[in-house]
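Every read-out reported here was derived from the displayed coordinates using simple, explicitly stated rules and does not represent laboratory data. What you are looking at is a predicted structure, and each value in this text was computed from that prediction instead of being measured. Cβ: placed from backbone, ideal geometry, glycine included. Neighbour counts: every protein chain shown.
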Amino acid sequence: MGVNFKHIIVAFSLVGCVSNLQAADVVAEEVDTTDVLPEVTVSAIKQTSDLNKCPTALTVLNSDHVERLGVKAIKNVSAISPNFYIPDYGSRMTSSIYVRGIGARIDQPVVGLNVDNVPILNKDNYDFELADVDRIEVLRGPQSTLYGRNTMGGLINIYTISPFKFQGVRFMGEYGTANTLKTSLSYYTKLSSQLGMSIGGNFTMTDGYYNNEYNGSDVGTERQGSFRWKTKWYSTSNVAIENVASVQHSRQSGYPYQSVESGEINYNDTCFYRRTSVTDGLTVNWNYKGITMSSITGFQYIDDNMTLDQDFLPLEYFTLTQRRHEWALTQDFVVKGREQNYDWLVGAFGFYRRTNMSAPVTFKEYGIEQLIEKNRNEVNPYYPIGWNDDTFVLGSDFLIPTYGLALYHQSHYDLNRWAFTLGLRLDYEKSSLDYNSSCNTSYTIYDNTAGAMEPFRNSPVDIDDYGHLSQSFVELLPKLTIAYRLPLNDDSRVFASVAKGYKSGGFNTQMFSDVLQQRIRGMMGLSELYKVDDVVSYKPEKSWNYEVGAHVADGEGRYSAGVSLFYIDCRDQQLTVFPDGTTTGRIMTNAGKTRSYGVELSAMWRPVERWSLTASYGYSDARFVEYNNGKSDFKDNYIPYAPKNTLFLGTSYNIPVNRSWLDCVDLNVDMKGIGEIYWDEANSVKQPFYALLSASVLFTKDDFTLDLWGDNLTDTHYNSFYFVSIGNAFLQKGSPARCGVTLRLNFKSN
């Protein structure tokens, strides 16, 4: 379970990592962080200066990094970017992100995601297969001034390849452990000097790494496919229009949750997650006399179904089926310009999201007996009850419309070696919930006063409740950054910043089945376990982030280094908890005050042209300052689920062959280290620090690349998730050792 330091020694003693670039492009092989690749083209509309000169903590992976490091989804960026962690567990619906000790398992994310400048509103749609990626940017620290809600921990920008950058056919085929198959095919063309277009699709499948002992079935299987159509048109010399449309469908069996008591994955009811999503983003840029005006319009639709054996035991307890139809519209207007040493930007953003959800919980025979009849009859054994139905449904239907509006401004001024950036955003959001809770069943009260069970009275349970809830939030989000350019080169500077961030509040829809249980408990004369008003909704989370940092580079790609020190003061931090007792839901609650401080380090060194070493390290000490749930005081305890340490080590070496059948061989070795991670507020259970070793060998000839790779080569055993449900503890083990082969073909037509 703990780290094996032999892994670290092996990682540095082996040569590896790869460059498919020519010598002139070798500087683009930097992997890490605050020192950004000089040749990256800035396409982020809200950036006011080149990324390599931005005074912020930042990781950039170009297309070569993405392929070499096996980044097939954003969760694979974990630890490569310091203090950035996305655990791999559950399903594609589970996209929990933790940055610098803050994050949450459900509902509002701590990090925003933009794909080709279009924001993805729902974090349940964050986890998808990445194909034809031009680069990935991970910005750490609040980005709320420019991007608003749910970016208090940072922002991920993903950019796909432009048909003006590449024309031809791209193919990728991969096969690995557990009958895992991945394939993608895309075509890029310029229809004219002003119009380019690309179409592409991908398909993945896997049988998973685990089995359900109950019936011997595979757990974690998936079948996934997607299609993307990208069009870019320079209608005039100063107007550019880009549209990206995509459709994705996946179905996964689940879940590989193992009982801590039995050590087995063993449950009897069906578990799966199915998702179909449609997105479309239209971006229009107009340049006129030094002023750029941009419009970014987004449409998103999600149709998904999460079905769970919610007790994850081979017993007839209860199941949950959550079906959702959600569509959303976003619109962002941005105007920016530059006058001598002054950059300015103003913008207006609005969104509307409408969610229809049904989340019935079905109680089964054993669940009725253990969770209802047993509790009731222990209180009143002289008049016990018996349920009249073998199963009954706690129905919950929701309509959740949410909309938001924002105005924002940022000014950036250069004064010799000094640079000052000041931003302010006014953000308004309103969310409503219309709900219908229903239950139709009955039970019989028996008379046992004489020692003989005689029917006394039949009691129907007929509930059909309707209600409406709403809440709104108004936030001012300022940011101030001061930077000083060091007398080394344009890419070296020190900076200090202070910024406010926030995550919006919401409603605990998964607790409405428990609200119905409260009603039924009241009918049977039992007291409430908690107040309903305390669990139905939760408040926004707010933070102030204070940071100082520096990054230096030689300007020629031989070395670079960066450091960031941060302190985060957080109020009303949102935590996912399972309430005490025999509850069937989980809730988001606000945990008073928390704080997090830490450091982020990164370095790259290229001793010779063909050999490079990279490293990054993140440390965060995130604890409760004030949090008392009424039963326990968690002051000074670590915040659960967020790792204290992340570590990435990589080495690369390129061997020229220069034969008719082979150009070069590239060797890659890297190691990721994560932990320790506490799994509960009491800090009673934890995952120690662990290290995962990966390696690959690439053979390259012209546009052909064959990659032989292996992940978790030492078969390190670790846990990626832990939780407790109805008093039973479960965990999901991390992925075991695996290997595979990847073939890439890039046929250029120009």
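So if I place +1 on the C-beta of Lys and Arg and -1 on the C-beta of Asp and Glu, and nothing else carries charge, what would the dipole magnitude of the chain be about its Cα centre? I want it in debye, nearest 20.
Working: 67 positive and 84 negative charges, 407 e Å.
That gives the chain a dipole magnitude of about 1960 debye.
Kindly rank 696-708, 600-612 from highest to lowest mean number of other beta carbons found within 10 Å of each residue.
Details: 696-708: 17.1, 600-612: 18.6.
In decreasing order of mean packing, 696-708, 600-612 become 600-612, 696-708.
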Next item on the list: Would you order Ser632, Ser438, Ser543 from fewest to most other beta-carbon atoms within 10 Å of each residue's own beta-carbon?
Entry: Ser632, Ser438, Ser543
Next item on the list: Report the one residue of Asn157, Cys739, Gln224 whose Cα lies farthest in the direction of the positive end of the charge dipole of the chain (charges on C-beta: Lys and Arg +1, Asp and Glu -1; origin at the Cα centre).
Entry: Asn157
Note to self: Considering only C-alpha atoms, what is the centroid distance from the range 651-715 to the range 56-86, in Å?
What the structure shows: 12 Å
Margin query: Tell me which of Ile80, Pro360, Gly506 sits at the most positive position along the dipole axis of the range 5-748, charges placed on C-beta atoms (Lys, Arg +1; Asp, Glu -1).
Written below: Ile80
Check: Which of His412, His325 comes first, and how do the rest follow, when ranked by fewest Cβ neighbours within 10 Å?
Finding: His325, His412
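What's the exposure ranking of Glu137, Glu373, going from fewest to most Cβ atoms within 10 Å? Working shown, then result.
Working: Glu137 23, Glu373 17.
Sorted ascending by nearby Cβ count, the order is Glu373, Glu137.
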Item checked: Euclidean distance between Cα centres, the range 174-235 to the range 430-498, Å -> 34 Å
Notebook entry, point to check: In the chain, with Lys and Arg counted as +1 and Asp and Glu as -1 at Cβ, which of these residues, Thr276, Tyr546, Asn590, has the Cα nearest the positive end of the dipole, that is, farthest along it?
Noted result: Tyr546
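Once the other residues with Cβ under 12 Å from the Cβ of Ile368 are scored (Lys, Arg +1; Asp, Glu -1), what is the net sum?
Working: positive: Lys364, Lys374, Arg376; negative: Glu316, Glu365, Glu369, Glu373, Asp389, Asp390.
The answer is -3.
Can you give me the relative contact order of the range 5-748 as a percent, contacts being Cα pairs under 8 Å and 6 or more apart?
Details: 2193 pairs, mean separation 101.2, N = 744.
Once normalised by length, the contact order is 14 percent.
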